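Working notes, beginning with the structure itself.
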Number of protein chains: 2
Amino acid sequence: MTEPVNLQKTLNSFNELWSPRIVTQFNDYDVRVAKFHGEYVWHSHLDTDELFIVVAGRLTIHLRESGVERSVALQQGEVYVVPRGIEHKPESDAESHILMIEPTGTLTVGDTHDKIPDYVDATTGHHVD
Amino acid sequence: MTEPVNLQKTLNSFNELWSPRIVTQFNDYDVRVAKFHGEYVWHSHLDTDELFIVVAGRLTIHLRESGVERSVALQQGEVYVVPRGIEHKPESDAESHILMIEPTGTLTVGDTHDKIPDYVDATTGHHVD
């Protein structure tokens with residue numbers, strides 16, 4: 001018998017940037033929340049789309065689509081899906097709280113990526129204590 | 001090339017209760033938003049879990065688990081997963097805005113359900129114009 005989870009409470013439970021916490025799971029998917037600030041690393045997930053929802057703050061997602069680079073800008077309460085295989089780089093110019101949904105086991109840095117900076121946590125998400 | 005979707009804009013585009021709109025899709029899943037007010041119908045989805053997030057307002061989900069009935073109460077910003085096969089009945093005592101994620105094609109009233117009241121839209125979700 002499970003109980004509801006409060007997103008803000010989960011977000012209050014950690015400070016690390018770019019280090020998703022698993023809020024809950026359904027079917028074979030994770031609901032994850034993370035704190036973003038600054039630039040992430042270019043990467044792509046070859047076998048899965050990735051859903052982003054901005055819980056607080058704002059998020060730019062840089063995309064490389066068919067060799068063309070563009071960016072989408074998301075405000076609080078906005079949703080975007082990065083299609084599988086599309087290289088992308090999230091960036092937030094202020095600390096922002098992002099909800100992501102993707103298959104359990106999906107690595108934050110994807111299947112292909114640029115050199116991973118020290119501040120990036122390459123993980124499949126952390127369970128909350 | 002897709003663009004971000006604003007949840008509030010989608011919610012502003014319709015008034016019907018219990019009638020989900022498809023915000024976006026990822027892999028073989030829908031992100032849906034709906035307006036709840038009053039009592040829904042008892043039902044269950046046999047083959048899929050169902051994720052609920054309260055965007056605005058509040059939501060009670062009545063559950064029948066192993067013959068025992070209980071309720072979970074969700075406030076804004078709270079998340080709950082109804083496991084597959086579990087009979088449930090959502091209820092909101094004020095108009096509330098709910099985000100749901102479930103496989104594309106999932107019927108709102110599930111695979112088993114009580115008699116469907118006239119005010120319930122039995123649908124796999126409506127695409128937004």
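The values are calculated or read from the model by the stated rules, or taken from the named source; none is laboratory data. This is a predicted model, so every value here is computed, not measured. Positions of Cβ are generated from backbone atoms using ideal geometry, with glycine treated the same way; all protein chains shown enter the neighbour counts. Quick note on the areas: whole protein, heavy atoms, side chains included, nothing else; ligands and nucleic acids left out. Shrake-Rupley method; radii C 1.70, N 1.55, O 1.52, S 1.80 Å.
If you take the Cα centroid of the range A:48-92 and the Cα centroid of the range B:29-50, the two points sit 27 Å apart. Residue by residue along A:8-20, Cβ atoms of other protein chains within 10 Å of the local Cβ number 1 on average. Taking a straight Cα-Cα cut-off under 18 Å and skipping sequence neighbours fewer than 8 places away in the same chain, the aspartates and glutamates within cross-link reach of A:Lys9 are A:Asp30, A:Glu95, A:Asp129, B:Glu78.
Compute the whole-percent fraction of alpha carbon pairs in chain B spaced more than 19 Å apart. Kindly include the intermediate steps, with their values, before the conclusion.
On the way: 3727 of 8256 pairs.
Percent of Cα pairs beyond 19 Å in chain B: 45.
Counting protein heavy atoms only, the range A:1-111 has 46 percent of its accessible area on carbon and sulfur, 1.4 angstrom probe.
Taking every alpha-carbon pair within the protein assembly as shown, the share separated by more than 35 Å comes to 15 percent.
Solvent exposure of chain A, expressed per residue, is 45 Å² of accessible area, with all protein chains present and a 1.4 angstrom probe. Using a 1.4 Å probe over protein heavy atoms, the accessible area lost on pairing B with A, summed over both chains, comes to approximately 2600 Å². Debye calculation, C-alpha points only, no solvent: report log10 I(q)/I(0) for the range B:65-129 at q = 0.12, 0.21 Å⁻¹, in the same order as the q values. Debye intensities relative to I(0), on a log10 scale: -0.38, -1.27.
The Cβ shell under 10 Å around B:Thr60 holds other residues with a net charge of -1, Lys and Arg each +1, Asp and Glu each -1.
The mean count of C-beta atoms from other chains within 10 Å of the C-beta of residues in A:79-85, rounded to a whole number, is 5. Simple spin-label estimate for B:Thr112 and B:His37 gives 3.3 nm between the two label positions (7 Å along the Cα-to-Cβ direction from each Cα). Put simply, when B:22-28, B:9-15 are sorted by average Cβ atoms within 10 angstrom per residue, most first, you get B:22-28, B:9-15. Per-residue mean of foreign Cβ neighbours for A:51-61 is 2 (Cβ atoms of other chains, 10 Å radius). When the charge dipole of the protein assembly as shown is built from unit charges on Cβ atoms (+1 for Lys and Arg, -1 for Asp and Glu) and taken about the Cα centre, the candidate among B:Tyr29, B:Ser19, B:Leu46 whose Cα reaches farthest toward its positive end is B:Ser19.
Among all the aspartates and glutamates, which ones have a C-alpha under 18 Å from B:Lys115's C-alpha, if same-chain residues fewer than 8 places away are not counted? Output for B:Lys115: B:Glu39, B:Glu87, B:Glu91.
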